[in-house]
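The values are calculated or read from the model by the stated rules, or taken from the named source; none is laboratory data. Just so it is clear, the model here is predicted, and its values are computed rather than measured. Here the Cβ positions follow ideal geometry from the backbone for every residue, glycine too, while neighbour counts run over all protein chains shown.
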Amino acid sequence: MEALSSRLPEADALAVTGLRDVRTATESWPAEEGPESDLPVPQGELLAGRYLVERIFAEGGMGIVCLGRHAQLEQPVAIKFLRRALAGRPEVVQRFLNEARALAALRSEHVVRVMDVGQLDSGRPYLVMEHLEGIDLDALVDRDGPLPIETAVSYALQVCEPLAEAHALGIVHRDIKPENLFLWSGGPAKDLIKVLDFGLAKQFGSPRAMVTGPQDSMGSPCYMSPEQVTTPQSIDSRTDIWSLGVVLHRMLTDTLPFDGNSILEVLSHVLSAEPKSLSEARPDLDFDAELESIVRRCLAKTPAARYQSMAELSEALSEYLAQRQAALAPPAPESLPVAQGAHVLAGDEEKIRIAGLHSRWPGVLLVGLALAGAAVYQADRTHKINVRDLTMRARDVTDGWLTPVRLGPDVQPSSRESGSYQPTLRVARGVFAAHPTRDASGALALRAVPELESDSESDNGAESATTPLTDTERARKQAAYRDYLKSEGLTPINEALPSPDEPYAD
């Protein structure tokens, strides 16, 4: 009931924030007072010297909620007052203050934060809490119908966290229902659930038991556990597990597992009837057996047959959700086979990792390159080495990669950029070629691998033992190869050199 939304029209406020009449069957408006219309403090007067009360925002059977504002910080707050007619009843005042004590003891982000607590001069208590904007789960299901399974289970898991913390402190909420589970739209995470209204909280297992009085069975009949109906003084944390099971059923089906035309009929079903299964409630929806089993166990009639702690329920829900998400996830694409040492990069570029060479070596290699810098510079000036080409190759080597040369039948080399004209030559490329180099004229050329010096093959196709070629045989073969190149319109590489003092033979 602490949630507020000052941005909404007055007529829509209750529907959107979930601040509605949450009176239980055992509560009613006090006979001497109907719905309150006057502010608990005079208009413009500061409450506790810090809070300006602006207007009544919502009412319930136990209290009213006002929209307020921190005068110094100018931030909106929610101020909950005990109803005027109940302020004179000590046991009700004590129960109201129990809420402040319970909320202040919890640190979970899924619990509304209490900022202040106090009493008016008349003794009427109030709580100052953080301002929330969003919608409660009851209004959400009313608006949207059944929630997706993953969403409903995720919300239930968020509720488990603060309740597990409360149970560890010996506090039972006793009124878990969709109206008290608020989907906060302004939180740090998407779909953050806040548990509201610890006004019926009861402490167990402690000599400091909270005062409850004759209305201990208070709660919402459709969400009350069997023991909360019959023996409310002896309930423990497992009653909240029952209520959360009903909430989960409601989120998944937009129906209740125990329903009836009257309160007595509802309570009779709670005590004796089997709950409707999810599939029975909504045969049009697909629920698996594991989820059915989780909800059914939460709604076991005896506490011993339920999950024994919120941690146990949370573990079951988490495991179910993980398995469901894994089953629904699209299969990962099959990995394509890649040759050992090869990697496919963007733009169809292929590189091969050099064995034993790693990217941490660049520093070592660059030191050696730096020592040879002067020689490289001089070679570049004489056109014997192209520094740009050398730098690119050094970068590939230091990265541990080599780029294979794409070979073709021939190449049309580009002339070296200079002021003088260089003729265009079509230079032969062997089937096997080394890295591109430059001839003396600066033109691009590829050095072919020399042929083997061997005699002709024998009749049976086996190669005979190699013998040195005579000068006459070598000259004959070179002439025949040169004639073949010229017939193909190619220029032998030794003829492309401007100073062929020595014939190329290697």
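Are any residues in the stretch 128-172 more than 19 Å from the chain's Cα centre (by Cα) and assigned to a loop (DSSP other than H, G, I, E, B), and if so, which ones?
His131, Leu132, Glu133, Gly145, Pro146, Leu147, Leu169, Gly170
Check every one of the helices (runs of 4 or more DSSP H) wholly within the stretch 235-295 and list those with 1 or more residues that are in contact (Cβ under 8 Å) with a residue 60 or more places away in the chain. Give the derivation first.
On the way: elements: 238-253, 263-272, 278-281.
Fully inside the stretch 235-295 and qualifying: 238-253, 263-272.
Is it the case that some residue within the stretch 112-126 is under 26 Å from the mean Cα position of the chain (by Cα) and buried (at least 20 other Cβ atoms within 10 Å of the Cβ)?
Yes, the stretch 112-126 has at least one match.
Conditions tested, residue by residue: (1) at pLDDT below 70; (2) closer than 23 Å to Ser318 by Cα; (3) of a type in the set (S, T, N, Q).
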| residue | (1), (2), (3) |
| --- | --- |
| Cys160 | no, yes, no |
| Ala166 | no, yes, no |
| Gly187 | yes, yes, no |
| Leu192 | no, yes, no |
| Val195 | no, yes, no |
| Ala201 | yes, no, no |
| Gly205 | yes, no, no |
| Gln228 | no, no, yes |
| Pro232 | no, no, no |
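Just one of Gly170, Gly145 is in the same structural domain as Glu99 (by TED's automatic domain parsing) and either without any contact (Cβ under 8 Å) to a residue 60 or more places away in the chain or of a type in the set (S, T, N, Q) (or both); which is it?
Going through Gly170, Gly145 in turn, just one is in the same structural domain as Glu99 (by TED's automatic domain parsing) and either without any contact (Cβ under 8 Å) to a residue 60 or more places away in the chain or of a type in the set (S, T, N, Q) (or both): Gly170.
Select from the stretch 41-76 the residues that are under 22 Å from Phe96 (Cβ atoms) and charged (D, E, K, R) and write down the one among them that is nearest to the chain's Cα centre (by Cα).
Glu59
Would you check if Val93 is touching a Phe, Trp or Tyr at 6+ places or on another chain (Cβ under 9 Å) and either at pLDDT below 95 or surrounded by fewer than 18 Cβ atoms within 10 Å (Cβ to Cβ) (or both)? Please lay out each step first, then the result.
Working: touching a Phe, Trp or Tyr at 6+ places or on another chain (Cβ under 9 Å): no; either at pLDDT below 95 or surrounded by fewer than 18 Cβ atoms within 10 Å (Cβ to Cβ) (or both): yes.
Answer is no for this residue.
Would a scan of the stretch 63-86 turn up a residue that is assigned to a loop (DSSP other than H, G, I, E, B), surrounded by 15 or more Cβ atoms within 10 Å (Cβ to Cβ) and either in contact with a helix residue (DSSP H, G or I) (Cβ under 7 Å, 6 or more places away or on another chain) or not assigned by TED's automatic domain parsing to the domain that holds Ile193 (or both)?
no
Which residues, counting only those in the stretch 468-482, are charged (D, E, K, R) and surrounded by 10 or more Cβ atoms within 10 Å (Cβ to Cβ)?
Applying the first criterion (charged (D, E, K, R)) to the stretch 468-482 yields 471, 473-474, 476-477, 482.
Within the stretch 468-482, Glu473, Arg474, Arg476, Lys477, Arg482 meet the criteria.
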